[in-house]
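Working notes, structure below.
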Amino acid sequence: MSRKPKLGVFKFASCDGCQLSMLDAEEHLLGIAGQVDIAYFLEARSHIDAGPYDVALVEGSVTTAHDAERIQEIRRKSKTLITIGACATAGGIQALRNWHDVDDFIRYVYAHPDYIQTLKTSTPIADHVQVDFELRGCPISVEQLVELITSVVLGRKPRFPNESVCMECKRQGTVCVVVAQGTPCLGPVTHSGCGSICPAHNRGCYGCFGPKENAQPLGLLRDYQSHGCDQRQLVDLVRNFNGYSPEFREAVEQFETSISSDNA
């Protein structure tokens, strides 16, 4: 009888939302839960197995020197390392600190700033170690999670559609909020997986699942600007859950530069 693959689930700087999504998927996971050995998952059980692990799922970004060291140790112990959620794949909403002085935030928020030990930036796991696969979302999709774990058990590549949120809107018959209401929306440049929740409720997409492959967010921003959308609103729209991902970050920086040039 072959040994069950050992699974470790680890948390870094995050809200735990992706781990909770895993727990919420219990009905979907019952069929494959017996095929893996959950060796480390403190959100679900107190049992601790020091490893090594066949698969490590990592939620959260690196924001402290301790975590920068800890992810190195997890990488050494893991045959396959998979990041889950916007924090782990792009730095998360906490990466907003990366455009400002984190010391100012600490002074404003904490009564005893000298107690806080943190890095100047919030960075994705891939900035520190090799990542074998990324599962995007804020939070992750239960369906994509099930597909991911199933593929790990079966030893095959996960099958995820390579399309934008706009395709989800079309399939569901959701009226385009850009065309109908003039609402800025990141759907054209955001990877699918959320089920187009926001457009279905008459709101523009916030880019929770990160930039789609070969996306052109700068062109989208300039198009929205040409139609009278507020420049600051457009910057804030992109600089959000996945704002520190390279594609979104570079687009916003170029857009802000063009704004400064226009106003000079």
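The values are calculated or read from the model by the stated rules, or taken from the named source; none is laboratory data. What you see is a predicted model, and the numbers here were worked out from it, not measured in a lab. As a convention, Cβ positions derive from the backbone with ideal geometry for all residues, glycine included, and neighbour counts pool all protein chains shown.
On the given criteria, is R159 in contact with a helix residue (DSSP H, G or I) (Cβ under 9 Å, 6 or more places away or on another chain), of a type outside the set (S, T, Y), more than 24 Å from R70 (Cα to Cα) and not in a helix (DSSP H, G or I)? Yes.
Kindly indicate whether S192 is among the polar types (S, T, N, Q), closer than 29 Å to T80 by Cα and in contact (Cβ under 8 Å) with a residue 40 or more places away in the chain. Answer is no for this residue. Selection of helices (runs of 4 or more DSSP H) fully inside segment 64-115 by the criterion of at least 2 residues being loosely packed, with under 15 Cβ neighbours inside 10 Å and out of contact with any Lys or Arg (no Cβ under 7 Å at 6 or more places or on another chain) returns 65-77, 102-109.
Scan segment 211-254 for residues that are within 15 Å of L96 (Cα to Cα) and in contact with a strand residue (DSSP E or B) (Cβ under 6 Å, 6 or more places away or on another chain) and jot them down. Scanning segment 211-254 gives S245, F248.
A quick yes/no check of all residues on (1) more than 21 Å from the chain's Cα centre (by Cα); (2) assigned by TED's automatic domain parsing to the domain that holds P52; (3) hydrophobic (A, V, I, L, M, F, W, C):
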site: G92; (1), (2), (3): no, yes, no
site: L96; (1), (2), (3): no, yes, yes
site: W99; (1), (2), (3): no, yes, yes
site: Q117; (1), (2), (3): yes, yes, no
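Considering each residue of segment 41-62, count those that are aromatic (F, W, Y) and modelled with pLDDT under 95, and give that number.
1
In segment 121-136 there is no residue matching the filter, namely being touching an Asp or Glu at 6+ places or on another chain (Cβ under 7 Å), within 30 Å of K4 (Cβ to Cβ) and of a type in the set (K, R). For segment 175-214, how many residues meet the condition of being of a type in the set (V, I, T) and within 25 Å of L145 (Cα to Cα)? Final tally of qualifying residues: 3.
Of A88, A95, A65, A126, which residue is modelled with pLDDT of 95 or more, on the phi < 0 side of the Ramachandran plot and in contact with a Pro (Cβ under 7 Å, 6 or more places away or on another chain)?
Checking each option against the conditions leaves just A88.
So is A39 among the aliphatic types (A, V, I, L, M) and either in contact with an Asp or Glu (Cβ under 6 Å, 6 or more places away or on another chain) or farther than 23 Å from L154 by Cα (or both) or not? Criteria met by A39.
Checking segment 207-216 against the condition returns no match, with no residue being buried (at least 16 other Cβ atoms within 10 Å of the Cβ), outside any loop (DSSP other than H, G, I, E, B), touching a Leu at 6+ places or on another chain (Cβ under 7 Å) and not assigned by TED's automatic domain parsing to the domain that holds A95.
If I filter segment 181-195 for residues that are touching a Phe, Trp or Tyr at 6+ places or on another chain (Cβ under 7 Å), modelled with pLDDT of 95 or more, in a helix (DSSP H, G or I) and surrounded by 13 or more Cβ atoms within 10 Å (Cβ to Cβ), do I get at least one hit? No, because not a single residue in segment 181-195 is touching a Phe, Trp or Tyr at 6+ places or on another chain (Cβ under 7 Å), modelled with pLDDT of 95 or more, in a helix (DSSP H, G or I) and surrounded by 13 or more Cβ atoms within 10 Å (Cβ to Cβ).
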